[in-house]
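Any read-out appearing in this document is the output of simple, stated calculations on the displayed coordinates, not a laboratory observation. What you are looking at is a predicted structure, and each value in this text was computed from that prediction instead of being measured. A quick note on method: Cβ atoms are made from the backbone with ideal geometry, for glycine too, and the neighbour counts reach across all protein chains shown.
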Amino acid sequence: MTTQAGPVERLLGFKEDILRAQEAIRVRRIQLRLIRLFTLTSIAGPLSIYLLTASTWRSIDMKPYNLIAGPLSVASIIVLGYLLHLEEIREEEENQTVQRLELDLELAEERRRLYASQVGLSLNQRQYAYKEDIAGGLQAYRRQSSHYRRVHNAFQAVIIIGSYATTAAASFADTPAPWKWITVGISFSVGTAAGFTGYYKYRERGYYLQKTADDIEHQENAFDLGIYPYDGDDPEANLSRLAREVESLRVEQKRREQELDQPHEGRQDSA
């Protein structure tokens, strides 16, 4: 026990570094989403106020609405400026881009693997360490699946709402000039959203990622509960089966991603 205490503690230290890197990536992505959100509102707010005021000039009094939308737009611009200022300071002092943090995570995982191979752990111990890494893989798959679902739902909302809005706007014969440009912009947005949805296959990517995560979780739960196919009396054989099944699911997920990355003609040829 004494001889293994040092290596085990080192492995736990590497695991802590990996968890910290994963948390840093999660926080960094939230920060970047906030910057993108306030950038969008800072541009869309004043532009919407201008277009609506110009299109309803002398017909609808937009002053009550502008008294609410105007301060909100100014507040968005101020918050965006503050976030960009913090971003500039952070890049100068820490250089914490998402790519850099992901690189740190890969290096931490690689150091853990190299150390585990050098200390001469048994096959059973390596398989157990592999099992402990399953939870991190599940979180990554589910996070990516949620991201693709959000993107797909956003594009679908643009397509559905934009299609009805374009039809309604085009039904008016005497459409004022500003509304004609708005109709053109909506039609362009619908076409762009449909093109991105069809080309990048966001729904399929999210579905396969979620399916892989569910399958891996099913295998892990079956192992923890000792039910089929992990109801054997040999714990090492059950652990080996778990590692084999999970790795097979991960390889299958990579194959699906490669197929989705191929052009449509390439997928037909492969089929």
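Of note:
- Spacing of the modelled spin labels on H85 and V98, each 7 Å from Cα toward Cβ, amounts to 2.6 nm.
- Anchor K201: lysines whose Cα lies under 28 Å away (excluding residues fewer than 8 positions away in-chain): K211, K254
- Per residue, the Cα convex hull of the range 123-271 amounts to 140 Å³.
- Where labels lie 7 Å past Cα in the beta-carbon direction, separation of A44 and D233 in nm: 6.4
- Cα centroid separation - the range 182-228 against the range 20-50, whole Å: 22
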